[in-house]
Amino acid sequence: MQYKNGMPIAIIGAGISGITTAHILKKNGFQAVVFEKSEKLGGVWALAYPNVHLQNIREQYHLSDFPWPFTPDLHPTGEQILNYLEQAVNHLKLDVRLNHEVIELKETEDGWLLKYKNQDGVREELFGYVVMSVGQYTEGKYQPEFPGIEDFGGKIITERDVHALDIFDNQRVVIVGFGKSALDMATFAAKQGAQVNHVFRTPRWLIPEWILGVHFTYPLFSRFGTVMMTSWSHPTAIERFLHNRLGFIVSGFWDLIASIFRFQVQRNVSGKDQAAQSRIKAVQPDHKLLPDLRSATAVAPEDYYPFIAEGKISPHRAELSGFSPEAVKLKNGCEIPCDLVILSLGSQAPIFPFLPDKYRKILETEPDGVQLYRHLLHPRIPGIAFAGFNHGYMHVPAVEIAAQWLCAYLRGELELPSSENMEKSIECIRQWKRANIQFEPSRSCAVNTRFQQYIDIMLKDLGVSPYRKLPNIFAEIFGRYQPSDYLGVCEEYNHKNKSRSTPLHPLPLDT
């Protein structure tokens with residue numbers, strides 16, 4: 001299916017990725033229509049629990065040419081993010097249609113016939129191209145069936161069912177899981193005076209907000225820090241030499257970082273008794289740091305480790321095996337009496353119920369999500385791109401640049417490799433991730449901490465310099481990258497393209 005110039009493009013999903021993509025398409029002269037099935041835009045932020053905060057900071061979570069029109073918290077709240085997105089849609093005059101649920105997509109010679117329903121009934125519209133922006137975390141929460149669950153006399157919910165924090169008041173609470181949501185739930189419950197038990201199979205590495213007094217965004221988002229990150233692909237010969245020939249330097253660097261993290265956690269029990277020492281030991285991981293640097297990696301809530309040290313949260317490194325009428329049962333034989341259990345075990349993988357079955361099979365059969373070429377396209381699914389399936393620690397710029405890459409492709413300014421070569425690239429990345437990153441249902445749908453490598457390669461594909469802070473070499477190496485550094489990429493690409501007589505071709509690098 002070839003895109004026909006002038007035809008509108010449908011975007012399914014009005015989260016941050018869908019809104020960002022709509023903006024870039026519009027800047028490039030495309031007509032983009034965003035369909036959102038709920039009554040609110042914002043995607044996963046519209047479903048968030050109370051008092052949730054962005055793990056990243058405000059300077060690194062906004063459209064490059066639409067900074068925050070108000071001053072949010074350093075780590076913006078869910079409500080502040082929804083406010084920002086609403087103002088962005090209004091300011092940029094984007095065509096976002098709420099309460100429009102896409103129920104079917106049919107292939108035609110001219111594009112996709114999109115069937116949707118709204119308050120007026122069922123309608124159909126023809127679009128020349130479709131962008132999927134359904135999100136990685138908006139499906140239902142993973143909620144397995146445990147033996148005895150029907151006999152339990154308390155309440156069993158997920159974090160998505162928490163609508164007010166007073167649900168924890170005077171309760172005996174068990175939190176199951178070790179992701180961001182589980183850590184937030186445990187910390188919120190402890191603050192509400194609940195008796196909190198935290199159950200998890202494996203403790204994960206958490207990123208401290210402050211690393212030896214420096215905010216984590218400075219080392220993590222500088223080029224010095226990102227060059228040391230292992231990845232399926234590295235954009236420069238120097239980086240490839242470092243990782244291929246001097247791997248001991250890279251591994252030593254991350255061992256040092258891990259030891260700093262461990263030291264900072266251990267300081268919470270300095271001078272405390274053996275019980276406190278044992279509790280902290282239970283939440284310290286035994287494995288290497290790098291495999292835990294994935295989309296689900298959490299920034300440690302400020303009070304989590306102190307509450308562990310003080311005994312306000314009791315950790316249990318064990319697996320949940322079932323329920324009795326008054327308690328949860330663990331596989332180590334322990335039973336924990338409780339009134340409220342929160343299963344915070346992650347989101348289910350994205351699904352695409354409106355697509356033809358042959359395409360659903362391609363997208364939904366992988367346990368760790370769909371792997372895409374450039375985290376954007378699948379060579380066996382024509383006429384469709386994916387926004388936000390390059391989720392990473394610098395998410396908005398990655399989506400913007402991927403959308404600019406898509407615009408170049410749709411206008412015929414960038415030619416794709418053969419389907420066979422794209423499939424090889426997809427498989428190469430998939431296997432690298434499975435070998436080097438801990439499992440999560442969205443493992444294939446993310447670039448996570450490899451965001452700089454991804455962004456650099458995508459910009460080089462477009463003939464745009466990825467070194468946005470030059471000629472200041474010190475800032476380029478040690479400065480913190482953020483969306484404002486990518487301001488003007490669209491204009492720069494389109495200006496350079498005017499003097500180009502032949503199409504661009506993606507670099508022979510996998511990403």
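The values are calculated or read from the model by the stated rules, or taken from the named source; none is laboratory data. Nothing here was measured: the structure is a model prediction, and the numbers come from that model. Positions of Cβ are generated from backbone atoms using ideal geometry, with glycine treated the same way; all protein chains shown enter the neighbour counts. Surface accessibility is based on the protein's heavy atoms, side chains included, excluding ligands, DNA and RNA. Shrake-Rupley method; radii C 1.70, N 1.55, O 1.52, S 1.80 Å.
Numbers at a glance
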| item | result |
| --- | --- |
| Filtered residues of the stretch 450-471 (kept if crowded, with 24+ Cβ neighbours inside 10 Å and among the polar types (S, T, N, Q)) | Gln452, Gln453 |
| Cross-chain or 6+ apart pairs with Cβ under 7 Å, the stretch 394-422 first and within 26 Å of Gly15 (Cβ to Cβ) and part of a helix (DSSP H, G or I), then modelled with pLDDT of 95 or more and among the acidic types (Asp, Glu) | Trp405/Asp461 |
| Residue ranges of strands (runs of 3 or more DSSP E) in the stretch 108-219 with at least 1 members more than 30 Å from Pro325 (Cα to Cα) and of a type in the set (Lys, Arg) | 111-118, 121-127 |
| Selection within the stretch 386-442 - over 25 Å from Gly135 (Cβ atoms) and hydrophobic (A, V, I, L, M, F, W, C) | Leu414, Leu416, Cys428, Ala435 |
| So Gln55, is it farther than 30 Å from Leu183 by Cα, modelled with pLDDT under 95 and outside any strand (DSSP E or B) | no |
| One residue from Phe224, Phe248 being of a type in the set (A, V, I, L, M, F, W, C), modelled with pLDDT under 95 and either closer than 23 Å to Asn448 by Cα or assigned to a helix (DSSP H, G or I) (or both) | Phe224 |
| Single residue of the stretch 218-272 satisfying the filter (over 23 Å from Phe478 (Cβ atoms) and touching a residue at least 60 places away in the same chain (Cβ under 8 Å)) that is farthest from the chain's Cα centre (by Cα) | Ser233 |
| Failed item in (1) of a type in the set (Lys, Arg); (2) crowded, with 17+ Cβ neighbours inside 10 Å; (3) within 20 Å of Gln438 (Cβ to Cβ), with Arg223 passing the rest | (3) |
| Unmet requirement for Met228, which otherwise passes all of (1) under 23 Å from Gly369 (Cβ atoms); (2) touching a helix residue (DSSP H, G or I) at 6+ places or on another chain (Cβ under 6 Å) | (1) |
| Matching entry among Ser484, Ser501 (being small (Gly, Ala, Ser) and either buried (at least 17 other Cβ atoms within 10 Å of the Cβ) or at pLDDT below 95 (or both)) | Ser501 |
| Long-range neighbours under 7 Å by Cβ, at least six apart or interchain, first residue open to solvent by less than 20 Å² (accessible area, probe 1.4 Å) within the stretch 28-49, second modelled with pLDDT of 95 or more and among the aromatic types (Phe, Trp, Tyr) | Phe35/Tyr116 |
| Test: residue in the stretch 125-143 that is more than 20 Å from Gly392 (Cβ to Cβ), at pLDDT 95 or above, open to solvent by 30 Å² or more (accessible area, probe 1.4 Å) and out of contact with any Ser or Thr (no Cβ under 6 Å at 6 or more places or on another chain) | yes |
| Close pairs from the stretch 143-156: first among the charged types (D, E, K, R), partner surrounded by 14 or more Cβ atoms within 10 Å (Cβ to Cβ), Cβ under 8 Å, at least 6 apart | Asp151/Phe323; Asp151/Ser324; Lys155/Asp339; Lys155/Leu340; Lys155/Val341 |
| Count of residues meeting criterion [surrounded by fewer than 19 Cβ atoms within 10 Å (Cβ to Cβ) and of a type in the set (S, T, N, Q)] in the stretch 289-313 | 0 |
| Where a residue in the stretch 93-115 is over 15 Å from Met7 (Cβ atoms) and open to solvent by 60 Å² or more (accessible area, probe 1.4 Å) and its partner, wherever it lies, is assigned to a strand (DSSP E or B) and of a type in the set (S, T, N, Q), with Cβ under 6 Å and at least six apart | Asn99/Asn118 |
